[in-house]
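The values are calculated or read from the model by the stated rules, or taken from the named source; none is laboratory data. The shown structure was predicted, so the numbers you read here are calculated from the model rather than taken from an experiment. Cβ: placed from backbone, ideal geometry, glycine included. Neighbour counts: every protein chain shown. The accessibility values were calculated without ligands, DNA or RNA, using every heavy atom of the protein model including side chains. Shrake-Rupley method; radii C 1.70, N 1.55, O 1.52, S 1.80 Å.
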Amino acid sequence: MMRAALLSVIGLLLLGAAARAQPYIYHGNDTGGIIPWSCENEAMAQQLAAAYCARWDKYHRITSVHRQYGDFIAFSCLWSPYVNPYALPAVPTRYSCYYPPARPLIINK
């Protein structure tokens, strides 16, 4: 009985370890997609879009970034990075997140 309980607890722990937060493509197809905006997702947007467009042997181009929670980062999948560079200009993304330093804790007695 104890052995079965121990195995079930180990199984639950292994299932819980597999559920972790990862950025994802919210909606997409072979012409592009959107990524939910967060500072962390924006820092990884180039890699996410490149990996997504590589499924169809295409190149990615970030076309819009709305830096507000609830908005999205849009990208297009193109056959060539040299096709139509001015109609869909690339938008730069941030490479890291800035968090202000923590304020010191002051306790007055």
Taking segment 75-97 and the residues there that are among the hydrophobic types (A, V, I, L, M, F, W, C) and within 16 Å of Gln47 (Cβ to Cβ), the one that is surrounded by the fewest Cβ atoms within 10 Å (Cβ to Cβ) would be Cys97
Within segment 51-73, of all residues that are part of a helix (DSSP H, G or I) and in contact with a strand residue (DSSP E or B) (Cβ under 7 Å, 6 or more places away or on another chain), the one nearest to Cys39 (Cα to Cα) is Tyr52
Pairs returned, first residue in segment 80-99 that is closer than 20 Å to Lys58 by Cα, second residue that is open to solvent by 80 Å² or more (accessible area, probe 1.4 Å) and at pLDDT 80 or above, beta-carbon separation under 7 angstrom, 6 or more apart or interchain, are Ser80/Tyr59; Pro81/Tyr59
Kindly establish whether Thr93 is at pLDDT below 90 and β-branched (Val, Ile, Thr).
yes
